[in-house]
Ligand SMILES: [Zn+2]
């Protein structure tokens with residue numbers, strides 16, 4: 001064999017050229033609000049199909065979808081010592097049966113104050129990578145490797161919301177925490193913090209699904225159940241003082257990805273906070289093609305860019321947070337973010353609801369900043 005070549009004939013240039021030819025064909029091109037509303041309705045259906053959510057929801061038979069159930073496991077315990085000036089928090093472990101084959105473990109964080117002092121509504125706090133799923137978001141610091149990740153990313157936004165008086169649900173996403181597939185199961189720190197997104201994606205895509213679709217499906221099932229809950233499950237919600245008619249979502253990084261798609265396809269989310277997940281696909285997922293498999297949906301880029309997807313949330317209250325030096329913004333940095341937030345701003349402008357969208361920009365790398373929690377009430381006004 002001849003010596004190893006130093007010249008590589010790789011795929012990126014050709015892919016970029018294809019992207020430039022084909023991307024974003026469905027972008028909104030007209031001008032009026034009524035046209036925009038029709039566009040939103042149409043593109044929600046397109047997105048639901050692309051991520052495979054429609055196929056996941058197709059068969060609603062009792063065998064596949066027995067009535068959901070919240071199962072509280074054990075007693076509630078005190079969550080981590082709250083920050084100065086914040087409320088104490090009780091943490092419950094709970095199992096939710098998504099369908100006949102799928103269980104989603106989660107924590108429910110309940111402010112340890114009198115019911116009348118609790119805030120109305122429920123937050124679903126979605127986890128991203130490298131934090132052992134719900135553990136970091138709920139601020140469970142028993143294991144040093146997880147505690148280190150909480151400090152590194154300021155990852156415990158679920159606990160922070162509970163300390164502010166909200167009832168917060170922190171689920172394990174597909175492939176994370178207790179939902180890891182065989183490839184990364186185990187208690188060693190590097191396995192605890194790992195995820196099996198790639199394995200889930202490899203199983204899902206040939207079946208016409210996607211990780212994004214599966215994650216969206218899980219939370220849709222949970223939300224539908226909370227809204228319809230009766231009997232014992234209604235008693236559980238009542239005992240927490242939680243109002244299932246008012247559900248908001250928050251997520252950082254991969255959790256932001258889940259919050260984005262969930263809020264784009266549903267119209268009953270009270271407020272959405274997305275941190276560290278808003279940028280153009282070309283720079284951030286095509287050029288940065290070593291990103292996790294969970295980000296990739298077959299055929300999606302041909303239709304919409306990320307700002308178009310977030311435009312489907314309008315006029316719902318939306319806070320997006322970006323960090324100036326987040327490498328996931330891609331090689332052009334914040335320019336690749338602003339192009340997308342401009343698309344979103346135009347969408348809110350069509351509704352005359354500019355004040356319901358905030359873009360919070362912070363310095364430094366990929367990190368959750370608690371300031372976006374202070375903006376929740378601003379966008380809700
Ligand atoms: Zn992933």
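The values are calculated or read from the model by the stated rules, or taken from the named source; none is laboratory data. Since the structure is predicted, the reported quantities are computational estimates derived from the model, not experimental observations. Positions of Cβ are generated from backbone atoms using ideal geometry, with glycine treated the same way; all protein chains shown enter the neighbour counts.
Within the stretch 319-339, restricting attention to residues that are free of Cβ contacts under 8 Å to residues at least 12 places away in the same chain and assigned to a helix (DSSP H, G or I), which residue is nearest to residue 270 (Cα to Cα)?
338
List the residue pairs whose Cβ atoms are under 6 Å apart, where the first residue sits in the stretch 281-298 and is touching a residue at least 40 places away in the same chain (Cβ under 8 Å) and more than 16 Å from residue 211 (Cβ to Cβ), the second is in a helix (DSSP H, G or I) and within 14 Å of the ligand (Cβ to nearest atom), and the two are 6 or more positions apart or on different chains.
From the stretch 281-298, the pairs are 284/328.
When you look at residue 112, is it more than 15 Å from the ligand (Cβ to nearest atom) and at pLDDT below 95, yes or no?
When the stated conditions are applied, residue 112 passes them.
Out of (1) within 22 Å of residue 232 (Cβ to Cβ); (2) surrounded by 13 or more Cβ atoms within 10 Å (Cβ to Cβ); (3) out of contact with any strand residue (DSSP E or B) (no Cβ under 6 Å at 6 or more places or on another chain), what's the single condition that is false for residue 75?
Unmet condition: (2).
Pick out the one residue from 331, 363 that is in contact with a helix residue (DSSP H, G or I) (Cβ under 7 Å, 6 or more places away or on another chain) and loosely packed, with under 15 Cβ neighbours inside 10 Å.
Just a single option satisfies the conditions, and that option is 331.
Starting from the stretch 165-194, take each residue that is without any contact (Cβ under 8 Å) to a residue 24 or more places away in the chain and list its partners that are more than 13 Å from the ligand (Cβ to nearest atom) and outside any loop (DSSP other than H, G, I, E, B), counting only C-beta distances under 6 angstrom and pairs at least six apart or across chains.
184/191
Checking residue 39 against (1) farther than 25 Å from residue 157 by Cβ; (2) loosely packed, with under 14 Cβ neighbours inside 10 Å, which single condition isn't satisfied?
Among (1) farther than 25 Å from residue 157 by Cβ; (2) loosely packed, with under 14 Cβ neighbours inside 10 Å, residue 39 violates only (2).
Yes or no: the stretch 233-251 includes at least one residue that is within 14 Å of the ligand (Cβ to nearest atom) and either touching a residue at least 12 places away in the same chain (Cβ under 8 Å) or part of a strand (DSSP E or B) (or both).
yes
Taking the stated definitions as given, is residue 352 farther than 30 Å from residue 290 by Cα and in a loop (DSSP other than H, G, I, E, B)?
In short, yes.
Taking the condition of being buried (at least 24 other Cβ atoms within 10 Å of the Cβ) and away from the ligand (no atom under 16 Å from the Cβ), how many residues in the stretch 290-305 meet it?
So the count comes out to 1.
Here is a list of conditions, (1) in contact with a helix residue (DSSP H, G or I) (Cβ under 7 Å, 6 or more places away or on another chain); (2) touching a residue at least 60 places away in the same chain (Cβ under 8 Å); (3) in a helix (DSSP H, G or I), and residue 372 meets all of them except one; can you say which number that is?
(1)
Can you tell me which residue among 272, 380 is away from the ligand (no atom under 16 Å from the Cβ), at pLDDT below 95 and under 20 Å from residue 126 (Cβ atoms)?
On inspection, the qualifying residue turns out to be 380.
So if I check each of 280, 231, 255, 213, which one is farther than 18 Å from residue 317 by Cα and within 15 Å of the chain's Cα centre (by Cα)?
213
Please specify each residue of the stretch 182-219 satisfying the condition of being in contact with a helix residue (DSSP H, G or I) (Cβ under 7 Å, 6 or more places away or on another chain), outside any loop (DSSP other than H, G, I, E, B) and more than 11 Å from the ligand (Cβ to nearest atom).
Passing the criteria: 183, 184, 189, 191, 192, 204, 213, 214, 216, 217, 219.
Is the stretch 252-268 home to any residue that is part of a loop (DSSP other than H, G, I, E, B), within 16 Å of the ligand (Cβ to nearest atom) and surrounded by fewer than 21 Cβ atoms within 10 Å (Cβ to Cβ)?
No, the stretch 252-268 has no match at all.
Taking only pairs six or more apart or across chains, which ones have beta-carbon atoms under 6 Å, a first residue in the stretch 17-38 that is at positive phi, and a second residue that is modelled with pLDDT of 95 or more and surrounded by 13 or more Cβ atoms within 10 Å (Cβ to Cβ)?
24/305
Check residue 276 against each of (1) at negative phi; (2) touching a strand residue (DSSP E or B) at 6+ places or on another chain (Cβ under 6 Å) and name the one condition it does not meet.
(1)
Quick one: which of 149, 174, 179 is closer than 18 Å to residue 276 by Cβ, within 16 Å of the ligand (Cβ to nearest atom) and at pLDDT 95 or above?
On inspection, the qualifying residue turns out to be 149.
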